[in-house]
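Written out below as structure tokens is the structure these notes cover.
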Amino acid sequence: MELLRQIFAGASTLLTGMRVTLEHFMRPPVTSEYPRERLEMSEAYRNVIVLIEKDDIKSHDCIACSACERVCPSFCIKLDGARPEGLKRMRVTEFTVDFALCSECGLCLDVCPTDTLGYSRSYDEAGFNRSDFLYDLVEPWRAEEETTVERLRKVENEKAEAKKLAAAKKAAAASEKAADPAEEKDA
């Protein structure tokens, strides 16, 4: 009798396990096959900061205002900038972040006047030395910097011409308006 009860208990647990297995067999997987399958991170994910490409200039728009450097509570941001010849705005020349110190608080993103800072979507940042966490954010943009400066010069010149044209139209309209009342008084 005891043997029969043990056989029944064993069969019962086997059937319960098979039922659970079949229920989960039909569900979608909850794990990913990393590194073959890369995960898409949510917008709320915080990782290292990067310079964001602006569509209109096809580059970052960091003007080296140092607002991010001043607001950083971890003192991990160092930047320097210069004004390229023929441009009104400065461009960053060096932007280093020590992510071994960074607390990923996001204050630098909040104070950026050009909205050129954002979080990276990369989630597998790793290193063996402290120097592995010292990032130069301008490095990916250096090769195209001269082309970007030329593009910015062209955009600034077009804006200046448009401003001059608008001012000339406004002056012409004002002079016409001033001339019209005089003609009406003569008539």
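The values are calculated or read from the model by the stated rules, or taken from the named source; none is laboratory data. Computed from a predicted structure; not experimentally measured. As a convention, Cβ positions derive from the backbone with ideal geometry for all residues, glycine included, and neighbour counts pool all protein chains shown.
Could you tell me how many of the residues in the range 37-59 are in a loop (DSSP other than H, G, I, E, B), in contact with a Phe, Trp or Tyr (Cβ under 8 Å, 6 or more places away or on another chain) and either among the small types (Gly, Ala, Ser) or closer than 17 Å to Glu150 by Cβ (or both)? Walk me through it before giving the result.
Initial filter on the range 37-59 (in a loop (DSSP other than H, G, I, E, B)): 37-48, 52-53, 55-58.
So of that shortlist, the ones also in contact with a Phe, Trp or Tyr (Cβ under 8 Å, 6 or more places away or on another chain) come out as 39, 41, 45-48.
After this cut, where a residue has to be either among the small types (Gly, Ala, Ser) or closer than 17 Å to Glu150 by Cβ (or both) as well, the list is none.
Number satisfying all stated conditions: 0.
Being polar (S, T, N, Q) and free of Cβ contacts under 8 Å to residues at least 24 places away in the same chain is the filter; apply it to the range 109-161 and report the residue that is nearest to Cys62 (Cα to Cα).
Applying the first criterion (polar (S, T, N, Q)) to the range 109-161 yields 114, 116, 120, 122, 129, 131, 147-148, 157.
Retained after the next criterion (residues that are free of Cβ contacts under 8 Å to residues at least 24 places away in the same chain): 129, 131, 147, 157.
On the way: Asn129: 29, Ser131: 24, Thr147: 16, Asn157: 20 Å.
The selected residue is Thr147.
Just name the residue that is surrounded by the fewest Cβ atoms within 10 Å (Cβ to Cβ) out of those in the range 78-106 that are basic (Lys, Arg) and part of a strand (DSSP E or B).
Step one: filter the range 78-106 for residues basic (Lys, Arg), giving 78, 83, 88-89, 91.
Adding the requirement that they be part of a strand (DSSP E or B) leaves 78, 91.
Details: Lys78: 14, Arg91: 21.
So the residue we want is Lys78.
Matching residues to (1) surrounded by 12 or more Cβ atoms within 10 Å (Cβ to Cβ); (2) of a type in the set (A, V, I, L, M, F, W, C); (3) in contact with a Pro (Cβ under 7 Å, 6 or more places away or on another chain):
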position	(1), (2), (3)
Thr114	yes, no, no
Ser120	yes, no, no
Ser131	no, no, no
Thr148	yes, no, no
Leu152	yes, yes, no
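Could you identify the single residue in Lys177, Lys169, Lys163 that is of a type in the set (D, E, K, R), on the phi < 0 side of the Ramachandran plot, exposed (fewer than 11 other Cβ atoms within 10 Å of the Cβ) and modelled with pLDDT under 85?
On the way: Lys169 fails: modelled with pLDDT under 85; Lys163 fails: modelled with pLDDT under 85.
Result of the check over Lys177, Lys169, Lys163: Lys177.
On the given criteria, is Cys62 surrounded by 12 or more Cβ atoms within 10 Å (Cβ to Cβ), assigned to a helix (DSSP H, G or I), in contact (Cβ under 8 Å) with a residue 40 or more places away in the chain and touching a strand residue (DSSP E or B) at 6+ places or on another chain (Cβ under 6 Å)? So that I can check it myself, show each step before the final result.
Details: surrounded by 12 or more Cβ atoms within 10 Å (Cβ to Cβ): yes; assigned to a helix (DSSP H, G or I): no; in contact (Cβ under 8 Å) with a residue 40 or more places away in the chain: yes; touching a strand residue (DSSP E or B) at 6+ places or on another chain (Cβ under 6 Å): yes.
No: the conditions fail for Cys62.
Can you name the residue in the range 11-69 that is aliphatic (A, V, I, L, M) and at pLDDT below 85 and is also nearest to Cys102 (Cα to Cα) among such residues?
Taking the range 11-69 first, the residues aliphatic (A, V, I, L, M) are 11, 14-15, 18, 20, 22, 26, 30, 39, 41, 44, 48-52, 57, 63-64, 67.
Among the residues that remain, those that are also at pLDDT below 85 are: 26, 30, 39, 41, 44, 57.
Values: Met26: 43, Val30: 31, Leu39: 24, Met41: 20, Ala44: 17, Ile57: 29 Å.
Among them, the one singled out is Ala44.
Residues in the range 148-170: is at least one in a helix (DSSP H, G or I), out of contact with any Leu (no Cβ under 7 Å at 6 or more places or on another chain) and closer than 30 Å to Leu39 by Cβ?
Start the filter on the range 148-170 by keeping residues that are in a helix (DSSP H, G or I), which leaves 148-170.
This time we only want the ones that are out of contact with any Leu (no Cβ under 7 Å at 6 or more places or on another chain), so: 148, 150-151, 154-155, 157-170.
The next check asks that each one be closer than 30 Å to Leu39 by Cβ; those that pass are none.
No, the range 148-170 contains no residue that is in a helix (DSSP H, G or I), out of contact with any Leu (no Cβ under 7 Å at 6 or more places or on another chain) and closer than 30 Å to Leu39 by Cβ.
Kindly indicate whether Thr31 is without any contact (Cβ under 8 Å) to a residue 24 or more places away in the chain and hydroxyl-bearing (Ser, Thr, Tyr).
On the way: without any contact (Cβ under 8 Å) to a residue 24 or more places away in the chain: yes; hydroxyl-bearing (Ser, Thr, Tyr): yes.
Judged against the criteria, Thr31 is a match.
Taking the condition of being surrounded by 10 or more Cβ atoms within 10 Å (Cβ to Cβ) and of a type outside the set (Lys, Arg), how many residues in the range 25-55 meet it?
Residues in the range 25-55 being surrounded by 10 or more Cβ atoms within 10 Å (Cβ to Cβ) and of a type outside the set (Lys, Arg): 12 in total.
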